1. With all protein chains present and a 1.4 Å probe, how do Asp15, Asp153, Asp131 order by accessible area, largest first?
2. Using the reciprocal of the averaged 1/r over all distinct C-alpha pairs, how large is the Kirkwood radius of the stretch 1-119 in Å?
3. With a 1.4 Å probe and every protein chain left in place, tell me how much accessible area Val78 has, in Å² to the nearest 10.
4. Under 18 Å between alpha carbons, and skipping anything fewer than 8 positions from Lys82 in its own chain: which lysines qualify?
5. What is the ratio of the Cα radius of gyration of the stretch 33-82 to 2.2 N^0.38 Å, with N the residue count, to two decimals?
6. In terms of the ratio Rg/(2.2 N^0.38 Å) built on C-alpha atoms, what value belongs to the stretch 80-144?
7. Going by Cβ distance under 4.7 Å, what cysteines of the chain have no possible disulfide partner?
8. Would you kindly give the portion of the calculated P(r) for the stretch 195-240 that falls above 16 Å, as a percent of all Cα pairs?
Amino acid sequence: MGYNNAMKLAARVSDKYFLTENERFLLVKLELVEPDRIEFRAGQYVSLKVNESGERRSYSIVTTPDNNHGLSLLAEMVKEGKGSEYLRGIELGSEVEIVGPLGKFTVTEEDKRLFVASGSGIVPIMSMINDLLLNQHEKKSIRLHWGMRSEADLFWVDNLERLSEAHPNFVFDIVLSKPSEAWELCSGHVQDCLKRDFSQEGLGGWSGYVCGSPKMVESTTQELEKLGIPADKIYHEKFV
């Protein structure tokens with residue numbers, strides 16, 4: 001991945017906490033030190049130095065571009081993952097080195113927008129949706145389909161509910177692949193629920209933004225094309 005006009009930045013860990021009781025998703029808040037400002041677009045990411053040998057890991061920026069003096073990252077904890085272990089062990093007040101902003105997964109089209117995420121792929125998409133609704137006051141339709149494994153993995157649901165209540169043009173659906181018996185909403189893969197919701201009316205006049213594993217991105221992109229979004233209006237980021 002190219003580093004574009006990215007800068008090397010020093011930042012200090014100002015807060016960190018798990019978003020789920022199963023400690024699968026860790027939110028890390030960083031306060032910029034040098035330089036003390038960053039300009040980025042919603043959907044971009046930074047590259048974090050995770051050890052003294054200079055290895056790096058990429059993390060999407062949770063926050064929106066109006067917060068330019070600091071940023072928050074969300075890390076999915078991977079067993080024996082170098083980035084996961086580094087962030088799990090880092091102490092408040094520690095200084096970290098990041099390079100950014102990076103990436104071209106940003107909002108470009110002015111159509112109605114359909115966002116599709118799986119797992120921590122929600123992070124850049126949440127930044128985009130917040131930026132569109134809260135900062136740009138977007139009035140066109142915005143839909144989100146977010147696939148997760150089970151109820152125990154869910155976070156930010158309250159945030160999404162508040163956004164949908166305040167902005168009638170925003171509708172979201174959560175899809176669980178392994179829900180409990182009490183789950184009454186859509187289950188399976190996000191592609192299944194896209195077919196359920198859009199097979200009749202189609203998605204002409206929409207653009208699509210997809211973020212998740214490479215396999216999920218490829219299958220979802222194929223489904224969106226079948227439902228009527230042209231290939232050149234589908235944007236994606238693959239999380240490896």
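The values are calculated or read from the model by the stated rules, or taken from the named source; none is laboratory data. What you see is a predicted model; the values in this text were computed from it and never measured. Cβ: placed from backbone, ideal geometry, glycine included. Neighbour counts: every protein chain shown. These area figures cover heavy atoms from the full protein model, side chains too; ligands, DNA and RNA do not enter into them. Shrake-Rupley method; radii C 1.70, N 1.55, O 1.52, S 1.80 Å.
1. Asp15, Asp131, Asp153
2. 15.0 Å
3. 80 Å²
4. Partners found: Lys16, Lys49.
5. So the stretch 33-82 has a normalised radius of gyration of 1.26.
6. Scaled against compact globular proteins, the figure is 1.49.
7. Cys211
8. 33 percent
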